[in-house]
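Accompanying notes for the structure given below.
The values are calculated or read from the model by the stated rules, or taken from the named source; none is laboratory data. Quick caveat: nothing in here was measured; it's all calculated off a predicted structure. Don't worry about glycine lacking a Cβ; one is built from the backbone with ideal geometry, like all the others, and counts go over all protein chains shown.
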Amino acid sequence: MKLLATALPDRRVWLRVASPSWVNPLDPTWAGTQGGRWNPPNAFPTLYLSADVQTAQLQIERLCEGMPFSPEDLSDDAYTLVLLRLPTSQRAADAVSEQGLAALGLPASYPLGRDGKAIDRAVCQPIGKRVRELRLNGVWCRSAASADGHGRELAWFPGTRAAQPLRKPPIPFGHWRHASTWRDMGLRDQPDPARLRAEQ
């Protein structure tokens, strides 16, 4: 597999949607056991992160799909938002640009296939496994929480260094359910990853 890599900006703030009941919302072992879009079950630990508050809100909408309630019906403490930083010098596979998607064997329409249907995570899991085997630190990707993929996420594969929370306690849902910018949460705008050379 030839792929395109992106450099994750050092000291960038990432977001983790969490349940208030989770003892450690930055624990990557649960997704490692259960599997996720970019990691097969029982393969390797993975932490799924939103790149901005709009994508975090998309995650809540996805969680409410098929339920007899909407995000507006949720209590202010139904979910929390954990702000965190990753270790420095992290690199991820590009699953955002059309060139990066093509290098991964995915269509330019991702997260939809050429037939207009959502691409199943079973297609993405072996790609994530190969990305990790190439010693990259994750997958920088379009969010599958929206049909047009306009959100941005990171499936992060932790190494020996852990992610560090920035604020305790986490931010309750009522404080970010209507936020639209980083400044709404008292933060400066955060940079997006920059593409690097092709990797073999």
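Restricting attention to strands (runs of 3 or more DSSP E) lying wholly within the stretch 120-200, give those where 2 or more residues are modelled with pLDDT under 95 and farther than 14 Å from Y110 by Cβ.
Answer list for the stretch 120-200: 194-199.
P45: in contact with a Gly (Cβ under 6 Å, 6 or more places away or on another chain) and either hydroxyl-bearing (S, T, Y) or under 22 Å from L86 (Cα atoms) (or both), yes or no? Give the steps one after another, and end with the answer.
Values: in contact with a Gly (Cβ under 6 Å, 6 or more places away or on another chain): yes; either hydroxyl-bearing (S, T, Y) or under 22 Å from L86 (Cα atoms) (or both): yes.
When the stated conditions are applied, P45 passes them.
Restricting attention to the stretch 29-37, does a residue exist that is free of Cβ contacts under 8 Å to residues at least 60 places away in the same chain, outside any loop (DSSP other than H, G, I, E, B), touching a Ser or Thr at 6+ places or on another chain (Cβ under 8 Å) and more than 21 Å from H150 (Cα to Cα)?
Within the stretch 29-37 (the criterion being free of Cβ contacts under 8 Å to residues at least 60 places away in the same chain, outside any loop (DSSP other than H, G, I, E, B), touching a Ser or Thr at 6+ places or on another chain (Cβ under 8 Å) and more than 21 Å from H150 (Cα to Cα)), the answer is yes, since at least one residue qualifies.
Six or more apart or on different chains, Cβ atoms under 7 Å: show the pairs whose first residue is in the stretch 63-76 and at pLDDT below 90 and surrounded by 10 or more Cβ atoms within 10 Å (Cβ to Cβ) and whose second is of a type in the set (D, E) and part of a helix (DSSP H, G or I).
Close Cβ pairs satisfying both conditions: P71/E61.
Just give me the residues in the stretch 14-35 being of a type outside the set (K, R), crowded, with 20+ Cβ neighbours inside 10 Å and touching a helix residue (DSSP H, G or I) at 6+ places or on another chain (Cβ under 9 Å), in sequence order.
L15, V17
Against the condition crowded, with 21+ Cβ neighbours inside 10 Å and within 21 Å of Q125 (Cβ to Cβ), how does Y48 come out, does it pass?
no
Of all residues being farther than 27 Å from H175 by Cα and among the aromatic types (F, W, Y) in the stretch 2-60, which is nearest to the chain's Cα centre (by Cα)? Just the residue, please.
W38
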